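Take a look at the structure set out below.
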Amino acid sequence: MRILVFGRVGQLGSALAELLPSHHVVTFLDQPDVDLAKPETLPDLIRQIEPELVINAAAYTAVDKAESEPQLAELINAHAPREMAKTCQTLGIPLIHYSTDYVFDGTASTPYTEEVPVAPKSVYGRTKLAGEEGVAKETDQHIILRTAWLYSHIGHNFLKTMLRVASEGKPLRVVDDQMGSPTFAWDLGMASVALVDALESGRDDVYGIFHATNAGVTSWHGFAQKIFELARADQVDLTAIPTESYPTPAPRPAYSVLDSGRLNRVVGVKLPDWQDALTRCIARL
């Protein structure tokens with residue numbers, strides 16, 4: 001299958017570059033060869049490559065910065081995927097797109113299913129929701145994978161930040177009243193490959209929204225504790241704090257747990273427990 005992937009150097013794009021089987025012909029586009037802030041340029045790029053599947057693994061993910069750059073976040077997270085979807089519809093090919101737990105308000109106490117009403121509270125969440133809605137409006141042949149708390153051994157993420165700050169001998173104050181499921185980008189990549197395989201086999205029951213996170217639940221503080229335990233950094237000065245003691249420009253969902261049951265029922269994919277995933281990730285550092 002000829003696959004075009006937008007996003008190569010990020011956590012997810014790097015995972016896909018490693019995990020997509022060699023029998024696919026995969027073209028990756030990233031800066032400076034593509035600028036998602038110029039969505040009008042995307043249709044010609046897609047047509048030139050003539051893919052049989054488009055995967056959008058690129059996004060504006062600076063959650064706090066988005067509060068002061070809403071127009072840029074809107075271009076990249078909403079307008080760009082909508083243009084991709086329009087072109088895919090014209091060409092008669094599927095689109096796989098990624099979204100986020102930030103489309104929810106975080107006030108739940110049980111895991112969010114795909115059917116729960118959305119209510120984003122930040123610019124990032126609103127622009128990602130607009131991207132979902134644009135994709136769904138423009139093409140029926142879409143797969144939207146919502147994930148949460150994504151990290152890997154490459155790029156900028158919570159894991160890398162914790163290890164860097166700890167190595168500098170600085171005390172760490174991490175919130176313990178926000179709950180979610182840390183998700184290893186490589187495991188999300190494996191779920192993506194399973195969906196690619198389903199599309200390649202001609203299945204048409206895999207369209208729509210899926211939640212895809214590693215299993216299990218923890219807090220950011222619990223996540224940090226496990227990072228230092230596995231990295232054998234036992235001298236770290238780590239303190240649990242409430243969200244109100246760490247104000248940020250963008251509000252964070254207090255509860256970000258996603259129910260990934262549909263992914264298991266439809267595709268037969270159940271992502272491993274987050275602690276298992278973290279162990280494998282740290283082994284790659």
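Show log10 I(q)/I(0) for segment 12-62 at q = 0.14, 0.19, 0.29, 0.30 Å⁻¹, two decimals, from a solvent-free Debye sum over equal Cα scatterers.
Evaluating at q = 0.14, 0.19, 0.29, 0.30 Å⁻¹ gives log10 I(q)/I(0) of -0.40, -0.74, -1.39, -1.42.
Rank the residues L258, L285, L20, L238 as a footprinting-exposure proxy: fewest other Cβ atoms within 10 Å of their Cβ go first.
Ranking L258, L285, L20, L238 by Cβ neighbours within 10 Å, fewest first, gives L285, L238, L20, L258.
If the elastic network links every pair of Cα atoms under 10 Å, which of L188, L36, L72 fluctuates the most in the Gaussian network model of the chain?
Among L188, L36, L72, the largest mean-square fluctuation in the Gaussian network model of the chain belongs to L72.
Taking the Cα atoms of segment 21-140, what is the range of coordinates along each of the three principal axes, in descending order and whole Å?
So the three principal-axis extents are 44, 30, 28 Å.
Treat every Asp and Glu Cβ in the chain as -1 and every Lys and Arg Cβ as +1, leave all other atoms uncharged, and give the resulting dipole magnitude about the Cα centre to the nearest 20 debye.
On the way: 25 positive and 36 negative charges, 86 e Å.
The dipole magnitude comes to about 420 debye.
Give the relative contact order (percent, whole number) for segment 154-225; include only Cα pairs under 8 Å separated by 6+ residues.
Value for segment 154-225: 48 percent.
In the chain, what is the count of Lys pairs whose alpha carbons are under 19 Å apart, counting only pairs at least 8 residues apart or on separate chains?
10
When the chain is modelled as a GNM with alpha-carbon springs shorter than 10 Å, which of D273, D204, D259 fluctuates the most?
D204
Averaging sequence separations of C-alpha pairs under 8 Å and six or more residues apart, then dividing by the length of the chain, give the relative contact order as a whole percent.
Once divided by the residue count of the chain, the mean separation gives 21 percent.
Would you order C88, C281 from fewest to most other beta-carbon atoms within 10 Å of each residue's own beta-carbon?
Numbers: C88 26, C281 22.
In increasing order of surrounding Cβ atoms, one gets C281, C88.
Going by amide H atoms built from the backbone, whose H comes under 5 Å of the H on L145, apart from near neighbours?
H97, Y98, S99, F210
Would you indicate which of [x] 21.6; [y] 19.3; [z] 20.3 is the value of Kirkwood radius over Cα pairs in Å derived from the coordinates of this structure?
Label of the calculated value: [y].
Starting at the first residue of segment 99-115, write each ³J(HN,Hα) from the Karplus equation 6.51 cos²θ - 1.76 cosθ + 1.60 with θ = phi - 60°, in whole Hz, x for Gly and Pro.
Running phi through 6.51 cos²θ - 1.76 cosθ + 1.60 with θ = phi - 60° gives 9, 8, 5, 5, 6, 9, 7, x, 9, 6, 10, 10, x, 6, 8, 5, 8 Hz.
So what J values fall out for segment 59-68 if you push phi through Karplus, 6.51 cos²θ - 1.76 cosθ + 1.60 with θ = phi - 60°, rounded to Hz, Gly and Pro as x?
Values, residue by residue: 6, 8, 10, 7, 4, 6, 5, 4, 4, 9 Hz.
Amide H to amide H under 5 Å from I55: which residues, 5+ apart in sequence or cross-chain, H placed 1.01 Å off N in plane?
L4, V5, F6, I96
What residues from segment 177-200 fall in the zone where the backbone N is under 11 Å from a label point 7 Å along the Cα-to-C-beta line of A254?
It comes to 177-179, nothing else.
Using R₀ = 35 Å, calculate the FRET efficiency as 1/(1 + (r/R₀)^6) where r is the Cβ-Cβ separation of V116 and D276; round to 0.05.
Once rounded, the FRET efficiency stands at 0.85.
Please provide three numbers in whole Å: the alpha-carbon extents of segment 74-225 along the principal axes, with the largest listed first.
Extents along the principal axes, in whole Å: 55, 30, 30.
Please identify, among A191, A119, A73, the residue showing maximal mean-square fluctuation in a Gaussian network model of the chain using a 10 angstrom Cα cutoff.
A119
Calculated from DSSP H runs of 4 or more alone, at -39500 (n - 2.57) each and per residue, what is the 222 nm mean residue ellipticity of the chain, nearest 500?
-11000 deg cm²/dmol
Enumerate the calculated ³J(HN,Hα) couplings along segment 250-259 in order (Karplus 6.51 cos²θ - 1.76 cosθ + 1.60, θ = phi - 60°), each rounded to whole Hz, writing x wherever the residue is Gly or Pro.
9, x, 9, x, 6, 9, 10, 7, 9, 8
Quick one: R146, R126, fewest Cβ neighbours within 10 Å first, how do they rank? Working shown, then result.
Details: R146 24, R126 21.
If I rank by nearby Cβ atoms, fewest first, I get R126, R146.
All of the numbers you see were taken from the coordinates with simple rules; none came from a lab. Predicted model, so just to flag it, every value in this text is computed and none were measured. No Cβ is skipped: glycine too gets one built from the backbone with ideal geometry, and neighbour counts run over all protein chains shown.
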